[in-house]
Amino acid sequence: MTKITSNIQEAIDLLNNNEVVAIPTETVYGLAGNIYSDKALNKIYELKKRPHFNPLIVHVNSIDKLKLVAKEIPEKALQLANAFWPGPLTLILKKQDSISSIISAGKETVAVRVPNHPIALELLNRLDFPLAAPSANPFTSISPTSSQHVFEYFNTELPLILEGGNCEKGVESTIIGFENNNPVLYRHGSISIEEIEKEVGKVTVFTNDDVAPNAPGMLKKHYAPKTPIILTKLVNDLIEKYKGQKIGLLVFNSKIDNDEIKHQEIVSPNNNLNEAAANLYAALHKLDKLDLDLIIAEEFPNFGLGKTINDRLKRASE
Ligand code: TXA
Ligand code: MG
């Protein structure tokens, strides 16, 4: 049975012993293991049922540790790291030879970030190694933003979940790679593309619609609840179309008055996209438990974190 605890020492003991534990970050919870332990790394893939072509992301406690993991770091990568770390920015960089091919899934690159969560940072400070930690959910399902979500996914297979409260950001980190030293966005995330461009100028967006999945987080179907979900600008029309079915709604800022609706989640009563992102996955987890026939999700304004939210809802609805 999984233990949920705030005792960091217990997590340290397990991690030093090649075990995998769930840890909180400011974005979502991660399934963490020692990057130098093949046993822990293989266990992460096994727990997530993640295909071995999909590489793991590495967490370090400071920019100084970056050279343990990556080499030949482009100027713009350093600029972004200085601007956003600790924080929800993942950089794809050329990997150090010491990074195992289990982490990089055979690629020459590695994903790395410094998380901005006091418990994750204290844990990393007290360990002698960085942590590989993909989101703590089975492959293609919704990422967890609370210890309870993690528990519901892995309740018998995981020895420990480190309690860190609800994740402040609530969506995954933004992933930036480099081509000819120029930044390329592989995954919309918790830092908007506008904020990234303010730092380093124009960023090319690579989505899975037109290129092979460079970041498998860009796989078309992902972040999906079990209940079918439809993303639309025309919520009322769809309610009408599916009349008679058990419908749940996920809406941005205001309640929709309609007797056909069994339940609705308003993710930001304050009309704020950051708040909406923070509440998004918890709302999906909740709707998914209500035995609905269908979730209708409202399309968000397509700027700032609205882009990230639309990206997730679109993939959830594939
Ligand atoms: O916010 C986050 O990034 C969370 C927290 C726990 O840090 N982690 C997370 O991990 O979302 P994960 O594994 O669910 O998503 C990381 C994405 C995956 O889609 C993976 O394919 C991609 O990063 N990735 C990892 N290494 C890569 C590489 N070398 N090249 C391209 N993409 C890579
Ligand atoms: Mg994930």
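The values are calculated or read from the model by the stated rules, or taken from the named source; none is laboratory data. Model, not experiment: these values are computed from the prediction. Backbone-built Cβ (ideal geometry, glycine too); neighbour counts: all protein chains shown. Calculation scope for accessible area: heavy atoms of the full protein, side chains included, ligands and nucleic acids excluded. Shrake-Rupley method; radii C 1.70, N 1.55, O 1.52, S 1.80 Å.
Miscellaneous remarks
- Gyration tensor over the Cα atoms of segment 100-160: the corresponding equivalent ellipsoid has semi-axes (square roots of 5 times the eigenvalues, largest first) of 22, 18, 11 Å.
- Look at the alpha carbon pairs under 8 Å that are at least 6 residues apart: their mean separation over the length of the chain gives a relative contact order of 20 percent.
- Of all DSSP beta bridges in the chain, antiparallel share, percent nearest 5: 40 percent
- Rg/Rh (Cα only; Kirkwood hydrodynamic radius) as it applies to segment 229-317: 0.93
- Nonlocal amide H pairs with residue 57, under 5 Å, H built at 1.01 Å: 133
- Positive-end residue of 80, 34, 103, charge dipole of segment 19-141 with Cβ unit charges: 103
- Vicinal HN-Hα couplings computed from phi for segment 198-203 (Karplus, 6.51 cos²θ - 1.76 cosθ + 1.60; Hz; Gly/Pro x): 4, 7, 10, x, 3, 10
- Lysine pair count for segment 1-147 [Cα-Cα under 22 Å; pairs on different chains or 8 or more apart]: 28
- With coordinates expressed along the principal axes, the C-alpha atoms belonging to the chain extend over 58, 48, 33 Å, beginning with the largest.
- A simple spin-label model places pseudo-atoms 7 Å from Cα toward Cβ; at residue 107 and residue 197 they are separated by 2.3 nm.
- The gain in end-to-end length when the residue 243 to residue 179 segment is fully stretched comes to 18.2 nm, 0.36 nm per residue minus the alpha carbon separation.
- Table column - 3J(HN,Hα) (Hz), segment 261-270, Karplus curve with 6.51, -1.76, 1.60, x for Gly and Pro: 7, 7, 7, 9, 10, 9, 7, 8, x, 8
- On a per residue basis, segment 229-317 carries 47 Å² of accessible surface, using protein heavy atoms and a 1.4 Å probe.
- Length released on extending from residue 259 to residue 53, taking residue separation times 0.36 nm less the Cα-Cα span: 69.5 nm
- For segment 1-132, the spread of Cα positions along each principal axis, largest first, Å: 46, 30, 23
- Panel values: segment 82-208, Kirkwood radius from alpha carbon pairs, Stokes-Einstein at 37 °C and 0.692 mPa s, translational diffusion coefficient 202 µm²/s.
- Taking the average, over residues, of other Cβ atoms within 10 Å as the packing measure, peptides 44-50, 127-133, 28-34 rank 28-34, 127-133, 44-50 from highest down.
- 222 nm mean residue ellipticity, helices alone, for the chain (DSSP H n ≥ 4; -39,500 (n - 2.57); rounded to 500): -8500 deg cm²/dmol
- The distance from the alpha carbon centre of segment 260-318 to that of segment 22-97 is 27 Å, rounded to a whole number.
- For segment 53-64, 3J(HN,Hα) per residue [Karplus equation, 6.51 cos²θ - 1.76 cosθ + 1.60, θ = phi - 60°, Hz, x = Gly/Pro]: 7, 9, x, 9, 9, 9, 10, 10, 8, 6, 4, 4
- The amide H of residue 6, built 1.01 Å from its N in the peptide plane, has 163 as neighbours under 5 Å, considering only residues 5 or more places off or on other chains.
- The mean of 1/r over all distinct Cα pairs in segment 63-146, once inverted, gives the Kirkwood hydrodynamic radius of 14.0 Å.
- Amide hydrogen proximity for residue 21: with H placed 1.01 Å from N in the peptide plane, the residues at 5 or more positions away or on another chain lying under 5 Å are 32.
- Neighbours of residue 15 by Cβ distance under 15 Å: Lys/Arg scored +1, Asp/Glu scored -1, total -2.
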